[in-house]
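Report on the following structure.
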Amino acid sequence: MQKVVTVQRHIVEQERLYPKASGDFTGLLWDLTIAAKTISREVNKAGLADILGLTGEKNIHGEEVKKLDAYANERIIKSMEHGGHLCIMASEENDDVIPIPEEFPRGKYVLMFDPLDGSSNIDANVSVGTIFSIYRRKTTGKDASVDDCLRKGTEQVAAGYIVYGSSTMMVYTTGQGVHGFTLDPGIGEFLLSHENIRIPLKGKTYSVNEGNTFTWDEGTKKYINHLKESDTVTGRPYSLRYVGSLVADFHRNLLYGGIFLYPADYKDPKKPKAKLRLLYEANPLAFIVEQAGGMASTGKERILDIQATGLHQKVPLIIGSKEDVLTYEKFFNNR
Ligand code: AHG
Ligand code: MN
Ligand code: MN
């Protein structure tokens, strides 16, 4: 009989590789999978459950908050705050850090997350996702602080995402490769379906919101034009694939190869403006892509080397197959 590996078994087996591990981390990831399954259920019945539509509120980025964003955010906070694994959380949807309530024990880990990524796609039944990033606490004393969140991506101990697509998948890394699990709705378990994912060295597709062309720097414009010329390897131009949900675009590129770009907006050349968030989107996906053999860059610097200075800091994000990102950097730096 074929071996069936649930995500829980996988996490336990990974932790056994470290004889000193306390099992704390296993518990943390277990709580996260419960939140993921609950969000998956809500996303799947979104059209039925009168849950669509806006809450009427705006988040810190000035965007309208969809009901499912708010639901996913609450769900993760409520699933994670009581377990005794975390000392603090931060979410794309909260202006400030989320402390652990007094009544619960404090743990040694920090969790940061984008509860629902690609939320503008929900009403159209297009894939959305959840992204998470985990660090070990660095401050001492009773309560953790924002300093525990303002870190470099290289300090992450784990990162992952859940994509709510034609099936629900969870992909994660603890620095021992990247592993993917598909939710079997019949038994409610994530089962290992993609062991040790490696991103192809070079892809055939690019993912970018090309409607923004006129706001880009010259290097990015030249790079995208370059992709439209016949490729020396395939003899064909690159194909454009853009879902508009970072998780979904990233996931496809991780499996098939390719490059995702969200370059800065240079309308005011003195103040380039990025869109994607360092702590909740760029860092976790950068950790995953590097573990899978790919690269993540702003064009001039490795994403994981950026020291965060603000909870909602934004960065240009160029991520995917190594050769593609390296070629982008050449174009970007020879503007
Ligand atoms: P979120 O739904 O968490 O706010 O993220 C949206 C992000 C990301 O998922 C996607 O890649 C990007 O915004 C799309 O932006 P454009 O609509 O500007 O292309
Ligand atoms: Mn997002
Ligand atoms: Mn979001």
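The values are calculated or read from the model by the stated rules, or taken from the named source; none is laboratory data. It should be emphasised that the depicted structure is a prediction, and the values quoted were computed from it without experimental measurement. Methodologically, a virtual Cβ is constructed for each residue, glycine included, from the backbone with ideal geometry; neighbour enumeration extends over all protein chains shown. Remember, those area values only see protein heavy atoms, side chains included, never the ligands or the DNA or RNA. Shrake-Rupley method; radii C 1.70, N 1.55, O 1.52, S 1.80 Å.
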Got at least one residue in segment 55-71 being away from ligand 2 (no atom under 16 Å from the Cβ), at pLDDT below 95 and either touching a helix residue (DSSP H, G or I) at 6+ places or on another chain (Cβ under 7 Å) or assigned by TED's automatic domain parsing to the domain that holds Lys314 (or both)? yes
Output the residues belonging to segment 1-36 that are among the small types (Gly, Ala, Ser) and more than 19 Å from the chain's Cα centre (by Cα). Ala21, Ser22, Gly23, Gly27
Examine segment 280-298 for a residue that is of a type in the set (S, T, N, Q) and open to solvent by 10 Å² or more (accessible area, probe 1.4 Å), and state whether such a residue exists. yes
Every residue in segment 223-265 that is away from ligand 3 (no atom under 16 Å from the Cβ), closer than 21 Å to Arg198 by Cα, in a helix (DSSP H, G or I) and open to solvent by 20 Å² or more (accessible area, probe 1.4 Å), please. Arg252, Leu255, Tyr256
Exception for Ala124 within (1) touching a residue at least 12 places away in the same chain (Cβ under 8 Å); (2) surrounded by fewer than 19 Cβ atoms within 10 Å (Cβ to Cβ); (3) within 16 Å of ligand 1 (Cβ to nearest atom) falls at (1)
Which of the residues that make up segment 279-314 are of a type in the set (A, V, I, L, M, F, W, C) and within 13 Å of ligand 1 (Cβ to nearest atom)? Leu279, Ala282, Leu285
Hey, does segment 136-143 have a residue that's surrounded by fewer than 17 Cβ atoms within 10 Å (Cβ to Cβ), without any contact (Cβ under 8 Å) to a residue 40 or more places away in the chain and within 16 Å of ligand 1 (Cβ to nearest atom)? no
Could you say which residue among Tyr135, Tyr161 is in contact with a His (Cβ under 9 Å, 6 or more places away or on another chain) and either at pLDDT 95 or above or not in a loop (DSSP other than H, G, I, E, B) (or both)? Tyr161
For Glu155, only one of the following conditions fails: (1) over 20 Å from Thr33 (Cα atoms); (2) touching a residue at least 60 places away in the same chain (Cβ under 8 Å); (3) under 17 Å from the mean Cα position of the chain (by Cα). What is its number? (2)
